[in-house]
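Asks: This is the structure, below, for whatever I ask next.
Coordinate-derived values only; no laboratory data. Quantities reported herein were computed from a predicted structural model and do not represent experimental measurements. Here the Cβ positions follow ideal geometry from the backbone for every residue, glycine too, while neighbour counts run over all protein chains shown.
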Amino acid sequence: MSARTAAPGSVVAPMPERTPKALRQAIAQHAPQLLPDFDAHWKWAIADAYDVGPVPAFMALWWGEYALARDPELDAHVQDLEVRASEATDSAEAKALLEEASKIRHRVQRLKPGE
């Protein structure tokens, strides 16, 4: 896997293999602020379950969260869009801001391991 450059002088870690174990390791290394919530969600939704049915939804959620968190500039941009939308007094402006944030979130969901 190779890292990509987000902005001059900054490097974004590559996406890990698409497994819970690899994703957890990547979070621990590159976005440790997410680790307590990841572990708590895993324990609640997966670890104590007798059904692996929720695993794909769990992975989709945390794949996107990690994809944003590993790129602080992109993460800040999405958060800014969402905050601006929540503060907008014009519904068309709020909708446009949320649509932009949503497009980014959907785009990072499609990232493949190594990207």
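Asks: Using only Cα atoms and rounding to the nearest 10 degrees, what angle (0 to 90) does helix 20-30 make with the longest principal axis of the chain?
Replies: With both axes taken from Cα atoms, the answer is about 60 degrees.
Asks: Follow-up question, since we're still on this one. How many lysine pairs does the chain hold where the Cα atoms are under 25 Å apart and the two sit 8 or more places apart or on different chains?
Replies: Here the count comes out as 4.
Asks: Which entry is the computed log10 I(q)/I(0) by the Debye sum over Cα atoms at q = 0.09, 0.12, 0.15, 0.16 Å⁻¹ for this structure: [x] -0.28, -0.49, -0.73, -0.81; [y] -0.39, -0.54, -0.70, -0.75; [z] -0.23, -0.42, -0.66, -0.76?
Replies: Comparing each candidate, only [x] matches the computed number.
Asks: If you place +1 on the Cβ of every Lys and Arg and -1 on the Cβ of every Asp and Glu, how big does the dipole about the Cα centre of the chain come out, in debye to the nearest 20?
Replies: Result for the chain is approximately 520 debye, rounded to the nearest 20.
Asks: Right, next: Hey, what number do you get for the chain at 222 nm if only DSSP H runs of n ≥ 4 count, each worth -39500 (n - 2.57), divided across all residues, to the nearest 500?
Replies: Estimated from H runs of four or more residues: -19500 deg cm²/dmol.
Asks: Once both axes come from the Cα atoms, what is the angle between helix 91-109 and the longest principal axis of the chain, in degrees from 0 to 90, rounded to 10?
Replies: Tilt relative to the chain: about 30 degrees.
Asks: Which whole-Hz ³J(HN,Hα) couplings does the stretch 53-69 yield from phi under the Karplus relation 6.51 cos²θ - 1.76 cosθ + 1.60, θ = phi - 60°, glycine and proline marked x?
Replies: x, x, 4, x, 5, 4, 5, 4, 4, 6, 4, x, 4, 5, 4, 6, 5
Asks: Related question: Which net charge results when you count Lys and Arg as +1 and Asp and Glu as -1 among the other residues whose beta-carbon is under 13 Å from that of residue 33?
Replies: Result for the local shell: -3.
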